[in-house]
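Visitor: Got a structure for you, questions after.
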Amino acid sequence: MKRLAFTLAAPLLLLPTTLPSGAQQSKKSETKGAWVFAYFKEPANQGIYLALSRDGLLYTPLNDGEPWLKPSEPEELMRDIYITRAPNGRGFRAVWTWGWRGNSMGTSESQDLMTWSPQRQIALMGSSPDAQNTWAPETYWDATQQQWLVLWSSSFKPAADGTPGEGLRLWSAHTKNFVTFTKPEKFFDRGFPVIDATLFQREQNGKHDVVMVLKDQTQQPLRYNERWTAGPTIEGPWGELSDTINEPWSEGPSVLQLGNRTVIFYDHYRAPNIRYEAIASTDWQHWTDITGEISLPEQCKHGSFFRVTEAEAKKLLARHDHGVTP
């Protein structure tokens, strides 16, 4: 694949922004429609799986537990899947980690979640030869600037001139069409390694802001769990970081508003409890473990959640490949 060309664009203004319809937003659960959970299973070469829920807590695998979308390119992996609805409400965009190492994310789009465009490898960090990875991309629509914000994490090996490498930090680029992208810029750096950032549009006490939940990857002292910060827009500026809000060895957070509770799902990946877990809060300060209230598919790994209409849910429930390639 040819290396992606980057075009420069003006930076986003710090004005109110809108997350895509179907993204993680703090609106009360609708009475109709459903939640969909998109996820992968190790070793991440089988593809993307979907599960459906009516209440946002209990999820049943779709397509009889068969992959919904399989890798199409040699050596492609499909990790850390993130699916969101297009800003006009019609169609969906998927992005994922293309490989454990490398400078690329994967992407595809669909009008109905049933059929998908050819999978493309996007070399987000193609202009940075020392980039070691491009992990967990997520996409957010900025209505003010009429473009997408793409977030991910990258680390860097030492340069040929001896300049030391850098640990994992959050990076970003912008695009209008997922063909040309702005040059990557560092998005968030507080001096410690960070991965798996996700954004959530919050409404609390009559105020609106954007919360970023991320994994603090600090090794000494060991953290490896989630923290959050808030700002006025999807670009920040970001305020003070919270303390850790869940147990170590947790990553891949997703935020849902279910009734009056904010629920954060996350992938707890260390024995003896290798499973998805969840915590809930009504004030973003006091968190309760609600893992006993949730049910997600076995072996599911770092995924994302989005809303679908009742008509879309019925189409999803009707699919049964029985081992046939989609």
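Visitor: Could you please find all residues in the range 116-152 being out of contact with any strand residue (DSSP E or B) (no Cβ under 8 Å at 6 or more places or on another chain) and on the phi > 0 side of the Ramachandran plot?
Guide: Passing the criteria: only 146.
Visitor: Quick one: is residue 284 buried (at least 20 other Cβ atoms within 10 Å of the Cβ) and either without any contact (Cβ under 8 Å) to a residue 60 or more places away in the chain or in a loop (DSSP other than H, G, I, E, B) (or both)? So that I can check it myself, show each step before the final result.
Guide: Details: buried (at least 20 other Cβ atoms within 10 Å of the Cβ): no; either without any contact (Cβ under 8 Å) to a residue 60 or more places away in the chain or in a loop (DSSP other than H, G, I, E, B) (or both): yes.
When the stated conditions are applied, residue 284 does not pass them.
Visitor: Counting only residues that are within 19 Å of the chain's Cα centre (by Cα) and of a type in the set (Val, Ile, Thr), which one in the range 122-181 is surrounded by the most Cβ atoms within 10 Å (Cβ to Cβ)?
Guide: Here the residue is 134.
Visitor: Anything in the range 281-302 that is over 19 Å from the mean Cα position of the chain (by Cα) and of a type in the set (A, V, I, L, M)? List them, or say none. Show your work before the answer.
Guide: From the range 281-302, those over 19 Å from the mean Cα position of the chain (by Cα) are 281-295, 298; that's our starting set.
Once the filter is applied, which keeps residues that are over 19 Å from the mean Cα position of the chain (by Cα) and of a type in the set (A, V, I, L, M), the range 281-302 yields 290, 294.
Visitor: Right, here's the next one. Counting only residues that are at pLDDT below 95 and of a type in the set (S, T, N, Q), which one in the range 185-234 is surrounded by the most Cβ atoms within 10 Å (Cβ to Cβ)?
Guide: 204
Visitor: Just wondering, is there one or more residues in the range 34-46 that are surrounded by fewer than 20 Cβ atoms within 10 Å (Cβ to Cβ) and not in a loop (DSSP other than H, G, I, E, B)?
Guide: Scanning the range 34-46 turns up no residue that is surrounded by fewer than 20 Cβ atoms within 10 Å (Cβ to Cβ) and not in a loop (DSSP other than H, G, I, E, B).
Visitor: Would you confirm whether any residue within the range 307-326 is buried (at least 19 other Cβ atoms within 10 Å of the Cβ) and part of a loop (DSSP other than H, G, I, E, B)?
Guide: The answer is no, given that none of the residues of the range 307-326 is buried (at least 19 other Cβ atoms within 10 Å of the Cβ) and part of a loop (DSSP other than H, G, I, E, B).
Visitor: Here is a further query. Please list, ordered by first then second residue, the pairs with beta carbon atoms under 6 Å, 6 or more apart or interchain, first in the range 79-97 and closer than 16 Å to residue 35 by Cα, second among the hydroxyl-bearing types (Ser, Thr, Tyr) and in a loop (DSSP other than H, G, I, E, B).
Guide: Listed pairs, sorted by first residue: 85/21; 89/21.
Visitor: Here's something else I'd like to know. Against the definition (touching a residue at least 60 places away in the same chain (Cβ under 8 Å) and part of a strand (DSSP E or B)), how does residue 64 come out, yes or no?
Guide: For residue 64, the condition - touching a residue at least 60 places away in the same chain (Cβ under 8 Å) and part of a strand (DSSP E or B) - is not met.
Visitor: From the list 97, 115, pick out the single residue that is β-branched (Val, Ile, Thr) and more than 16 Å from the chain's Cα centre (by Cα).
Guide: On the way: 97 fails: more than 16 Å from the chain's Cα centre (by Cα).
Every option except 115 fails the conditions.
Visitor: Quick check on my filter: what residues within the range 78-113 are surrounded by fewer than 16 Cβ atoms within 10 Å (Cβ to Cβ), closer than 19 Å to residue 305 by Cβ and hydrophobic (A, V, I, L, M, F, W, C)?
Guide: Result: no residue meets the conditions.
Visitor: Related question: Check whether at least one residue in the range 249-260 is farther than 25 Å from residue 97 by Cβ and surrounded by 14 or more Cβ atoms within 10 Å (Cβ to Cβ), and report yes or no. Outline the logic, then answer.
Guide: We begin by selecting, within the range 249-260, every residue farther than 25 Å from residue 97 by Cβ; these are 257-260.
Next, from what is left, pick out any that are surrounded by 14 or more Cβ atoms within 10 Å (Cβ to Cβ): 257-258.
Taking every residue of the range 249-260 in turn, at least one turns out to be farther than 25 Å from residue 97 by Cβ and surrounded by 14 or more Cβ atoms within 10 Å (Cβ to Cβ).
Visitor: Output the number of residues of the range 200-228 satisfying the condition of being over 17 Å from residue 266 (Cα atoms), polar (S, T, N, Q) and touching a strand residue (DSSP E or B) at 6+ places or on another chain (Cβ under 8 Å). Quick ask: steps written out before the conclusion?
Guide: Step one: of the range 200-228, the residues over 17 Å from residue 266 (Cα atoms) are 201-210, 218-222.
Still in the list and also polar (S, T, N, Q): 201, 204-205, 218-220.
Going one step further and asking which of them are touching a strand residue (DSSP E or B) at 6+ places or on another chain (Cβ under 8 Å), we end up with 201.
Of the residues in that region, 1 qualify.
Visitor: Of the residues in the range 251-274, how many are within 20 Å of residue 223 (Cβ to Cβ) and within 18 Å of the chain's Cα centre (by Cα)?
Guide: So the count comes out to 11.
Visitor: Continuing with the same structure: Looking at this structure, is residue 241 modelled with pLDDT of 95 or more, touching an Asp or Glu at 6+ places or on another chain (Cβ under 9 Å) and surrounded by fewer than 19 Cβ atoms within 10 Å (Cβ to Cβ)?
Guide: On the way: modelled with pLDDT of 95 or more: yes; touching an Asp or Glu at 6+ places or on another chain (Cβ under 9 Å): yes; surrounded by fewer than 19 Cβ atoms within 10 Å (Cβ to Cβ): yes.
Against the criterion (modelled with pLDDT of 95 or more, touching an Asp or Glu at 6+ places or on another chain (Cβ under 9 Å) and surrounded by fewer than 19 Cβ atoms within 10 Å (Cβ to Cβ)), residue 241 qualifies.
The values are calculated or read from the model by the stated rules, or taken from the named source; none is laboratory data. Being a predicted model, the structure only gives us computed values, none of them experimental. Positions of Cβ are generated from backbone atoms using ideal geometry, with glycine treated the same way; all protein chains shown enter the neighbour counts.
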